[in-house]
Amino acid sequence: MAATPPFSSSDLILSSTRDGVTTLTMNTPKRLNGWTMEMMEALKDAFRSAAKDEQTKALILSGADPYYCAGVNLGATLRLGHPKVLHAMIVEANEALFNTFLDFPKPLLIAINGPAIGAAVTSATLCDGIIASDKATFSTPFARLGVCPEGCSSVHFERLMGAATAERMLGQEGWKPTAEEAKEAGLIQWVVPHEKLHEEAHRIASEWVESGAQRTFRGGSERDELKAVNARESLQLADCFLSAPFMKAQFEFLWSKKKHGPAAMFLGMLVSRPLWSRLLRD
């Protein structure tokens, strides 16, 4: 069957549909396909369109090389404001991001074409399957950044990989498996040569379409339970984001990357925290 024109396309998210399978490609390679506020909105819009599109029977999400996604770009998403407003914004944005994946009603395959970091990893585990290029790596450096697990990983990672391996990734060790290591651990299901990734992803998704597969969750998880976990983690994450350890870690990380503007924002928040933190309790 020939490819049909994409039901939606933008500079941020490219889409095309063939054989009942729609492929979305995050398309900001110079920014490592990081999730800015604009990218997250584009992703939600694309998922909504695919959910409604009658030609789309299954969905693939991938990234423009060399990265799959560097995770949430905090410097491009956090906005200074009243602490209670900022806390509520973090809760709402985080919960909505992962609910985008949890609520998608059709089979959903993630094609990891390169490094995946943070929320890009945890969100992928909320889908029916993950296929990875042999160039892929997986990193969830939450402990190092001074934040709690998100994307249901506090519950879901243990179900997929066992308690010890989940702790290796989520804890202070911050284990960063290769694609083969991730497959052996149970984080992902398939590894293929980089140049075969999209061909194999399409083959798998097409088989799902032909068999009439329905949306599922791995590890015996169910949507309603995962949404409750997501809600709880989102509150915990907002608390972490407004904590001194997180702000210090973000400042040091961004300064080391020579991102001095965003680093200065976190430093200012850290220095003034004794004053504004009282507003969280008022």
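Counting only DSSP beta bridges with both residues in the chain, what percent are antiparallel, rounded to the nearest 5?
Counting only bridges with both partners in the chain, antiparallel ones make up about 30 percent.
Bins of 10 Å, beginning at zero and ending with the bin holding the largest distance: percent of Cα pairs per bin for the stretch 84-130, please.
Spelled out bin by bin, the stretch 84-130 gives 24, 46, 23, 7 percent.
Expressed as a fraction of 2.2 N^0.38 Å, the rule-of-thumb size for a compact globular protein of N residues, what is the C-alpha radius of gyration of the stretch 16-108?
1.19
Divide the volume of the convex hull of the Cα atoms of the stretch 185-282 by its number of residues and quote the answer in cubic angstrom per residue.
Working: hull volume 19.5 nm³, N = 98.
It comes to 199 Å³ per residue, whole-number rounded.
Protein chains only, probe 1.4 Å: how do 156, 194 rank by accessible area, largest first?
194, 156
Mind grabbing the accessible area of residue 181 for me, 1.4 Å probe, Å², rounded to tens?
Here the accessible area works out near 70 Å².
Figure the gain on full extension for residue 195 and residue 257 (residue separation times 0.36 nm, minus the Cα-Cα span) and round it to one decimal in nm.
This chain segment gains 19.3 nm when fully extended.
What list of whole percents do you get for P(r) of the stretch 96-188, with Cα-Cα distances grouped in 10 Å bins up to the one holding the largest distance?
Bin by bin from 0 Å, the calculated values are 17, 54, 27, 1.
A 27 angstrom limit on the alpha carbon distance is what I want to check against. Which of 84/248; 57/196; 183/258; 30/257; 44/257; 176/248 exceed it?
Result: 183/258; 44/257 exceed 27 Å.
Only Cα pairs within less than 10 Å get springs; with that Gaussian network setup on the chain, which residue of 128, 53, 45 has the largest fluctuation?
With Cα springs under 10 Å in the chain, the top fluctuation among 128, 53, 45 is at 53.
With every protein chain kept in place and ligands, DNA and RNA left out, what is the accessible area per residue of the chain? Probe 1.4 Å, answer in Å².
45
Please calculate the 1.4 Å probe accessible area of residue 104, with all protein chains present, and give it to the nearest 10 Å².
About 0 Å², rounded to the nearest 10.
What is the spread of the Cα atoms of the stretch 134-256 along each of their three principal axes, largest first, in whole Å?
Dimensions of the stretch 134-256 along the principal axes of its Cα atoms: 51, 34, 25 Å.
Dividing the alpha-carbon radius of gyration of the stretch 106-150 by 2.2 N^0.38 Å (N being the number of residues), what value is obtained? Display every interim value, and only then the final one.
Numbers: Rg = 11.4 Å, N = 45, 2.2 N^0.38 = 9.3 Å.
Compactness ratio reported: 1.22.
Ignoring ligands, DNA and RNA, please state the percent of accessible area on the chain from carbon and sulfur, probe 1.4 Å.
55
Along its principal axes, what span do the Cα atoms of the chain show, with the longest given first and each in whole Å?
Over the chain, Cα extents along the principal axes are 62, 39, 37 Å.
Solvent-accessible area of residue 18, probe 1.4 Å, all protein chains present, reported in Å² to the nearest ten, please.
100
From the helices alone, meaning DSSP H stretches of at least four residues, give me the mean residue ellipticity at 222 nm for the chain, per-run term -39500 (n - 2.57), in deg cm²/dmol to the nearest 500.
Calculated mean residue ellipticity at 222 nm is -15000 deg cm²/dmol.
The values are calculated or read from the model by the stated rules, or taken from the named source; none is laboratory data. In this text, all values refer to a predicted model and were calculated from it rather than measured experimentally. Calculation scope for accessible area: heavy atoms of the full protein, side chains included, ligands and nucleic acids excluded. Shrake-Rupley method; radii C 1.70, N 1.55, O 1.52, S 1.80 Å.
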